[in-house]
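Only one structure is covered here, and it is reproduced in the block below.
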Amino acid sequence: MTDEHLEQLEEESHLPESHPFSGYLRTFFRGPGRSRSLTREEAFDAFSMILRDEVEPIQLGAFLLMLRYRAETPDELAGMIEAVRKAARLDPDDNADGEINGQPMLDWPSYAAGRTRGLPWFVLSAHLLSQNGVPVLMHGYNSHLVNGVGTEAAVKALKLSVAMSAEEARSDIAAKGFAYLPLRHMHPKLQELIGLRALLGLRSPVNTLLRLLNPLQARAAFLGVFHPAFLDVHRETGKLLALPRIGVIKGGGGEAERTPFKHVDLRMLDNGELCDVRWPALLSKSEKNLDDQSPVSLKHFLAVWRGDVEDAPAEARIKGSAAMGAFLAGKADYMDEAESLVQEWWDKRDKNVG
């Protein structure tokens, strides 16, 4: 056999070089007793590669589905959130006094993807707060919505600000006290990733991390989840990220919206301490039939704000969610105080739209 044939055999026997991302998949898929979760640093590096489009589609699918299958850990979520913040350049410049220009008092994410969301009454809750000295950033994307109105559509109907960037959102908050920042305007890859639900058939860790992103570093955040198992994951991740104040509820359709027909537990992270605050039901269960009679339309949504129609369940949702928001934002120290304050704001609200 000639030297040329030997060299050819050697070349054929060489295995292709491993893809840089494959090491993270090996960590997941090594099998019982050998697989493990990613560290915070590994999750940061892995998700940074995803955001830079440095992974193959099959690798991305495997990564997201494995995290979904065994549930993402707080360390993994913290690392991925830090990767997003860096890639999307969300860390603002402080001024000479150490304050952040356009900093909201309350972060209110909206990423529910239910098919029957109904009307987003919590948007009116945030609007009410912003009229009364509580600057609010709302951000999000609502996929798979069939019977209902999306958050962005409700914001536009109220003629509130829809920002084209994080910088514009800061300006809107500084000038008007409210901004809505669509996911597509934070980082285009994030919109693409959350849109994979239709292909994968399941939500992914992206749905979780976006709720904790707090793009403009608000002093407090009000989060809603659909699956109770994720309530404490959000708090533990927030603790790792040193977020000062978080409130998480099992909300209507997965949004931060207080249901009025039963008690709601507000799971809090408050300056590193975990605590639960139980908020009582606002309406009796017998009044739930009134909820089913309300039309799901923007016309009805605006009519409730203007006071043109009576809708007790809708008003309870609006004021109840706003009271939780005011409490988290530090406008009240007690539940009763927050609810009384919000009732006063509701009675004196500016009913004009735009």
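Details
- Residue in the range 62-70 that is open to solvent by 20 Å² or more (accessible area, probe 1.4 Å), of a type outside the set (S, T, N, Q) and farther than 23 Å from Val233 by Cα present: no
- Evaluated against (1) among the aliphatic types (A, V, I, L, M); (2) crowded, with 19+ Cβ neighbours inside 10 Å; (3) out of contact with any Asp or Glu (no Cβ under 8 Å at 6 or more places or on another chain), Ala221 falls short on exactly one condition, (3).
- For beta carbons closer than 8 Å, sequence separation of 6+ or different chains, a first residue in the range 203-215 that is farther than 16 Å from Arg40 by Cα and a second that is assigned to a loop (DSSP other than H, G, I, E, B) and open to solvent by less than 10 Å² (accessible area, probe 1.4 Å), the qualifying pairs are Asn207/Tyr111; Leu210/Tyr111; Arg211/Tyr111; Pro215/Leu90.
- Among the residues making up the range 21-59, those that are open to solvent by less than 100 Å² (accessible area, probe 1.4 Å), touching a residue at least 12 places away in the same chain (Cβ under 8 Å) and farther than 16 Å from Ala83 by Cα are Ser22, Leu25, Thr27, Phe28, Ser37, Glu56, Gln59.
A quick yes/no check of all residues on (1) out of contact with any strand residue (DSSP E or B) (no Cβ under 8 Å at 6 or more places or on another chain); (2) surrounded by fewer than 16 Cβ atoms within 10 Å (Cβ to Cβ):
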position	(1), (2)
Val296	no, yes
Leu302	yes, no
Glu310	yes, yes
Glu315	yes, no
Ala322	yes, no
Gly330	no, yes
Asp333	yes, yes
Glu339	yes, no
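- Members of the range 256-280 that are without any contact (Cβ under 8 Å) to a residue 12 or more places away in the chain and out of contact with any strand residue (DSSP E or B) (no Cβ under 9 Å at 6 or more places or on another chain): Glu273
- Candidate set from the range 82-99 (those that are part of a loop (DSSP other than H, G, I, E, B) and open to solvent by 60 Å² or more (accessible area, probe 1.4 Å)); member that is modelled with the highest pLDDT: Arg89
- Residues being surrounded by fewer than 19 Cβ atoms within 10 Å (Cβ to Cβ) and in contact with a Ser or Thr (Cβ under 8 Å, 6 or more places away or on another chain) - total across the range 231-273: 1
- Between Gly79, Gly102, the distinction of being out of contact with any strand residue (DSSP E or B) (no Cβ under 8 Å at 6 or more places or on another chain), open to solvent by less than 40 Å² (accessible area, probe 1.4 Å) and part of a helix (DSSP H, G or I) belongs to Gly79 only.
- Residue in the range 213-224 that is among the aliphatic types (A, V, I, L, M) and over 20 Å from Asn271 (Cα atoms) present: no
- When Arg317, Arg349 are checked against the criterion of being closer than 23 Å to Ala154 by Cα, touching a helix residue (DSSP H, G or I) at 6+ places or on another chain (Cβ under 7 Å) and either among the β-branched types (Val, Ile, Thr) or assigned to a helix (DSSP H, G or I) (or both), Arg317 stands alone in meeting it.
- Here Phe301 meets the list (1) out of contact with any Pro (no Cβ under 9 Å at 6 or more places or on another chain); (2) at pLDDT 95 or above almost entirely, failing just condition (1).
- Helices (runs of 4 or more DSSP H) contained in the range 149-202 and holding at least 1 residues open to solvent by 40 Å² or more (accessible area, probe 1.4 Å) and more than 18 Å from Ala88 (Cβ to Cβ): 151-157, 166-176, 197-200
- Subset of the range 168-208 [over 17 Å from the mean Cα position of the chain (by Cα) and at pLDDT 90 or above]: Glu168, Arg170, Ser171, Asp172, Ile173, Ala174, Ala175, Lys176, Gly177
The values are calculated or read from the model by the stated rules, or taken from the named source; none is laboratory data. What you are looking at is a predicted structure, and each value in this text was computed from that prediction instead of being measured. Quick reminder, even Gly has a Cβ in these numbers, built from the backbone with ideal geometry, and neighbours come from all protein chains shown. Remember, those area values only see protein heavy atoms, side chains included, never the ligands or the DNA or RNA. Shrake-Rupley method; radii C 1.70, N 1.55, O 1.52, S 1.80 Å.
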